[in-house]
Amino acid sequence: MTQAFGSPALLDEMMPPRNLWLDAWERFQRNRMAVIGLAIAVLTLLLGIFGPALAPYDYKYIDMRALAEPPSLEHPMGTDEIGRDMLSRILQGARTAVMVAVFVTVINTVLGLALGALSAYAGGIVDMVIMRIADILMAFPGLLLVAFVNATMKRPVGLVSLWLYDLTGIAFFENTLVINYLIVLWAISLIGWPGLARLVRGQILSLREREFIKAQEAMGSPGWRIMALHLIPNAIGPLIVAVSGSIGGAMVLESSLSYLGLGIQPPGASWGRMIVENMLQWSVYPHLVAMPSLVLAICVFGFNFLGDGLNDALNPRQIRS
Amino acid sequence: MLTYAIKRVLLFIPTVIAVLFITFTMGYLGPGDPIQTQVMRVNPRLADQETIERLREVYGLNRPFLVQWGDWVGKILRGDFGKSFATRTDIGPAIAYRLPISAQLGAAGFVILAIGGVLLGTLAALKQNTWIDHFIVGSALFISSFPIFVLAPLLIIMVILWLKLLPSTLGWDGIFSAKAILPILLFSVTGWISPIRFARNGLIEVLSQDYVRTARAKGLPERLVILRHVVKNGLISTVTFLGLAVSGMVTGSLFIESAFAIPGYGYMAVQGLTANDYNVIMATTLIGAVLVIAANLITDLLYGVLDPRVRYE
């Protein structure tokens, strides 16, 4: 997605000028905040991939001679209360945040697209069942449902995976840390797909009634052609906006869960966990709370502005006055 | 309108039942056999099969799953949420004490949120693509990018420790005390982006309609065009944010109340979650969900009143 927007020159070569994407890119460029958001988003993704490799220290390494040090040349962001390098921990936290965001967004998008399209095409009882499930999941306040699933499902899932381990002997099922991560990720994904599925369903249903699709059908175009050339290009704008918005949301949810002590467990590094671990010493060591707070805020801020810019760029009807 | 309202309310009931079912099922599967856990905790030597069976019978845990569920729902309808494992006290009275506190904060926050949001959104739409518009939308987006658990301590430090604008504001002294100012502010400001966006986008969409051009062409003063034609139609969709706002406030209360040590619903939920107190977790999750469902129902009904087209879909 970012690639498609990140390389206008490439798009230029591939497509004739004055198409949907070029128009959108031009509108997007004019929005300075959106471009900044794009830069932050790309930087965040890169840090999530390469950050831990660039870290000056091991994020778990404890240096007892450097407890709660202010930023210095040796430790650019200082050290935390038990002498771990803040910069390294924040970079490791970036990996956690990006991993959660990417994983959750992929699951959400796949589930949302599949179930939304299925709902729109199948209609009848399938449509009703899927949409009722979506309604019910959307009825829970997001964080509460995630926290609830997390709190109640850890034991049953742990038992099932232990049973699976006894049965198969595969080491994966014994690794509680990975199982823990998976429960957090699936719980966050659980609340994201209903919104997307509704959006996809609505787009397909309304587009199918439009004249240009009816005309295609009347001319005898095959279904895949209508889908590829007309349905998808017309429905994808709002979808991209929703997906880009959900990335920042997933990052906040992961941090919130970790803040409540339900998400990533120590010694894993999560920005939310870092904030709460250092909260009690705020007035003594403000930088320990400020660093992860600001990094988290800047990332979410970047994705929010990116989403906003995409919205203005891809839904041009809203900005024509 | 009446048929529409009845239809909506009838849709509300199965959703609540489904929520009750999901909550109970997960609370049932989550902690495992409560008798086993309790017996092991009190005296593991008592844990012979016969005693456990007898205790299961006493507590009605040997009955079929659905019967237990029905029993649980019946108790909840009578306000009995069971006992907290951590404090050994009844949850029902605790909720009756705590929920009103959160409701007062939420209501005060909501009033500021709604009025402020709609005014700012209207201003942004009328001054579209000027620095005023960018400033309003930009700063609301900026604020909403800070998770509440980041914003709350930042505010406490800035306002109380550095600027010394307010005395120590931790705790609860009623809604009309200085202690409630910061929490109310947080309840409202963090959600501002949604009413601002709804109002702005709704108005901008209407501003480009033909009937607005007609109104201007016939020489109607701009003030009347805006008041009579644009605002009336453009703000209808803003009602949608009600559901979002309530949902945001329910989750927000967890962080705000624990940051300010307010003995409300959110604080209770956080305590339950950190102590793995399943009965408390079930009660708070259920209440949060019912609040959001009710807010969505009210949104739908209001929409039906404001926009008659909705009723005939």
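In the range B:30-84, what residues are part of a loop (DSSP other than H, G, I, E, B), modelled with pLDDT under 75 and not hydroxyl-bearing (Ser, Thr, Tyr)? Explain how you work it out, then say what you get.
Residues of the range B:30-84 that are part of a loop (DSSP other than H, G, I, E, B), as a first pass: B:30-33, B:43, B:47-48, B:59-64, B:78-82, B:84.
When the remaining residues are screened for being modelled with pLDDT under 75, the result is B:30-33, B:43, B:47-48, B:59-62.
B:Gly30, B:Pro31, B:Gly32, B:Asp33, B:Asn43, B:Ala47, B:Asp48, B:Gly60, B:Leu61, B:Asn62, listed by residue number.
Please count how many residues of the range B:235-267 are more than 25 Å from B:Ile160 (Cβ to Cβ) and surrounded by 24 or more Cβ atoms within 10 Å (Cβ to Cβ).
Residues flagged as more than 25 Å from B:Ile160 (Cβ to Cβ) and surrounded by 24 or more Cβ atoms within 10 Å (Cβ to Cβ) within the range B:235-267 amount to 5.
Of the residues B:Val292, B:Val231, only one is of a type outside the set (Phe, Trp, Tyr), in contact (Cβ under 8 Å) with a residue 40 or more places away in the chain and over 23 Å from B:Ala96 (Cα atoms); which?
Within the list B:Val292, B:Val231, the selection yields B:Val231.
Have a look at A:Val126, A:Val157 and point out the one that is open to solvent by 10 Å² or more (accessible area, probe 1.4 Å), away from every other protein chain (no Cβ under 14 Å) and without any contact (Cβ under 8 Å) to a residue 40 or more places away in the chain. Steps first, answer last, please.
Working: A:Val157 fails: away from every other protein chain (no Cβ under 14 Å).
Selected residue: A:Val126, the only one of A:Val126, A:Val157 that is open to solvent by 10 Å² or more (accessible area, probe 1.4 Å), away from every other protein chain (no Cβ under 14 Å) and without any contact (Cβ under 8 Å) to a residue 40 or more places away in the chain.
Considering (1) assigned to a helix (DSSP H, G or I); (2) at pLDDT 80 or above, say which one A:Gly237 fails and leave the rest.
Failing condition for A:Gly237: (2).
Any chance you could count how many residues in the range A:207-246 are open to solvent by 60 Å² or more (accessible area, probe 1.4 Å) and closer than 19 Å to A:Asn311 by Cβ? Quick ask: steps written out before the conclusion?
Start the filter on the range A:207-246 by keeping residues that are open to solvent by 60 Å² or more (accessible area, probe 1.4 Å), which leaves A:208-212, A:214, A:217-219, A:224-225, A:227, A:229, A:232, A:234.
Okay, now just the ones that are also closer than 19 Å to A:Asn311 by Cβ, so A:232, A:234.
Residues flagged as open to solvent by 60 Å² or more (accessible area, probe 1.4 Å) and closer than 19 Å to A:Asn311 by Cβ within the range A:207-246 amount to 2.
Just one of B:Ser188, B:Ser237, B:Ser177 is without any contact (Cβ under 8 Å) to a residue 40 or more places away in the chain, among the hydroxyl-bearing types (Ser, Thr, Tyr) and closer than 30 Å to B:Tyr97 by Cα; which is it?
Result: B:Ser177 is the single residue among B:Ser188, B:Ser237, B:Ser177 that is without any contact (Cβ under 8 Å) to a residue 40 or more places away in the chain, among the hydroxyl-bearing types (Ser, Thr, Tyr) and closer than 30 Å to B:Tyr97 by Cα.
Within the bounds of the range A:91-98, is there any residue that is within 14 Å of the chain's Cα centre (by Cα), more than 29 Å from B:Leu286 (Cβ to Cβ) and within 14 Å of chain B (Cβ to nearest Cβ)?
yes
Take residues that are within 11 Å of chain A (Cβ to nearest Cβ), at negative phi and touching a Leu at 6+ places or on another chain (Cβ under 8 Å) and tell me which of the helices (runs of 4 or more DSSP H) falling wholly in the range B:143-237 contain 1 or more.
Hits in the range B:143-237: B:148-155, B:193-207.
When you look at A:Ser189, is it assigned to a helix (DSSP H, G or I) and either charged (D, E, K, R) or surrounded by 18 or more Cβ atoms within 10 Å (Cβ to Cβ) (or both), yes or no?
On the way: assigned to a helix (DSSP H, G or I): yes; either charged (D, E, K, R) or surrounded by 18 or more Cβ atoms within 10 Å (Cβ to Cβ) (or both): yes.
The answer is yes for A:Ser189.
Can you spot a residue in the range B:238-256 that is at pLDDT below 85, closer than 30 Å to B:Trp69 by Cβ and under 20 Å from the mean Cα position of the chain (by Cα)?
Looking for residues that are at pLDDT below 85, closer than 30 Å to B:Trp69 by Cβ and under 20 Å from the mean Cα position of the chain (by Cα), one finds at least one in the range B:238-256, hence yes.
Can A:Ile136 be described as more than 16 Å from B:Thr25 (Cβ to Cβ), within 14 Å of chain B (Cβ to nearest Cβ), touching a helix residue (DSSP H, G or I) at 6+ places or on another chain (Cβ under 9 Å) and open to solvent by less than 40 Å² (accessible area, probe 1.4 Å)?
no
What number goes with the only condition from (1) within 14 Å of chain B (Cβ to nearest Cβ); (2) open to solvent by 40 Å² or more (accessible area, probe 1.4 Å) that A:Thr168 does not pass?
If we test A:Thr168 against (1) within 14 Å of chain B (Cβ to nearest Cβ); (2) open to solvent by 40 Å² or more (accessible area, probe 1.4 Å), just (1) comes out false.
Tell me, which residue of the range B:11-24 that is more than 8 Å from every other protein chain (Cβ to nearest Cβ) and at pLDDT 85 or above is nearest to B:Val310 (Cα to Cα)?
B:Ile13
Any idea which residue in the range A:247-258 is surrounded by the most Cβ atoms within 10 Å (Cβ to Cβ), counting only those that are polar (S, T, N, Q) and within 9 Å of chain B (Cβ to nearest Cβ)? Lay out the reasoning, then the answer.
Narrowing the range A:247-258 to residues polar (S, T, N, Q): A:255-256, A:258.
Pick out the ones that are also within 9 Å of chain B (Cβ to nearest Cβ) and you get A:255-256.
On the way: A:Ser255: 31, A:Ser256: 23.
Across the range A:247-258, the extreme among qualifying residues is A:Ser255.
Across the range A:259-298, what is the total count of residues that are more than 10 Å from every other protein chain (Cβ to nearest Cβ), in a helix (DSSP H, G or I) and closer than 21 Å to A:Asn180 by Cα?
Of the residues in that region, 3 qualify.
The values are calculated or read from the model by the stated rules, or taken from the named source; none is laboratory data. Since the structure is predicted, the reported quantities are computational estimates derived from the model, not experimental observations. Quick reminder, even Gly has a Cβ in these numbers, built from the backbone with ideal geometry, and neighbours come from all protein chains shown. Side chains are part of the model used for accessible areas, which takes the heavy atoms of the whole protein and leaves out ligands, DNA and RNA. Shrake-Rupley method; radii C 1.70, N 1.55, O 1.52, S 1.80 Å.
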